[in-house]
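Contents: one structure, followed by commentary.
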Amino acid sequence: MGDTNRAAWLFAIPEGINPGDIASAKITGNRSGGSYGSGWIACRWTTGTSLSISNVLDTINNSDYSATINWPAAYTYNLNIASSFMNEVETGYLLVVAGSSSEYGIDLVNTGAGQAHLEITIQSPTGACCTFTSGCTEVSQYLCEQAGFVFLGEDTDCQSTSCEQCPGDFNGNGAVDVDDLLALISVYGSEDADHDLDGDALISVEDLLILLAQYGACS
């Protein structure tokens, strides 16, 4: 935290988060020593990507959200940010400044797995999600639609819901044909989730055999 006993971070907010989607948010990371106890946090929505001194001071003096926090004696910290504030997301970036009420500094880890990161929990409805390969998985609507898949509705399940069973029809024209074969060959030997028919994350001969077995009009 240095002589000013302050730390500043700039976080990019994922696209597609709508008001009400966020159930909880916190900044979590590791500390390697220093003082602990009471402190404060200030947040401000920003369109800029600069952590300049003026932007940090503006966040402290003109924050969109502020609260008292507690720096734990443990080497892992969690600084909670009210979900009501996070659900007012205005821009793609959140500038956060945190400080200690103590005259002594706190040593925060700033590299590797222990560096500070913003952890957001989405409360999007959960249900059946149809994937590109006509498979089905039960995840939140947010995660399903972020991946470009089709969400079938809240509380639906894969057992009672059938996604269109036509593995290999990558262009969605109702048939597995030469265009789909060429599309698979173009990514052969690579990791490509859009064309992975056997779920092993690698486009290989197994995927080719699945496509050939489905060759022709979808039934």
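What follows is calculated from the coordinates using simple rules that are stated; it is not laboratory data. Since the structure is predicted, the reported quantities are computational estimates derived from the model, not experimental observations. Neighbour counts are summed over all protein chains in view; Cβ atoms, including those assigned to glycine, are modelled from backbone coordinates with ideal geometry.
Worth pointing out:
- Top-ranked residue in the stretch 191-211 [being over 24 Å from the mean Cα position of the chain (by Cα) and in contact (Cβ under 8 Å) with a residue 12 or more places away in the chain; ranked as nearest to GLY148 (Cα to Cα)]: LEU197
- Checklist (1) more than 17 Å from ILE22 (Cβ to Cβ); (2) touching a helix residue (DSSP H, G or I) at 6+ places or on another chain (Cβ under 6 Å); (3) of a type in the set (Ser, Thr, Tyr) applied to TYR65, failing item: (1)
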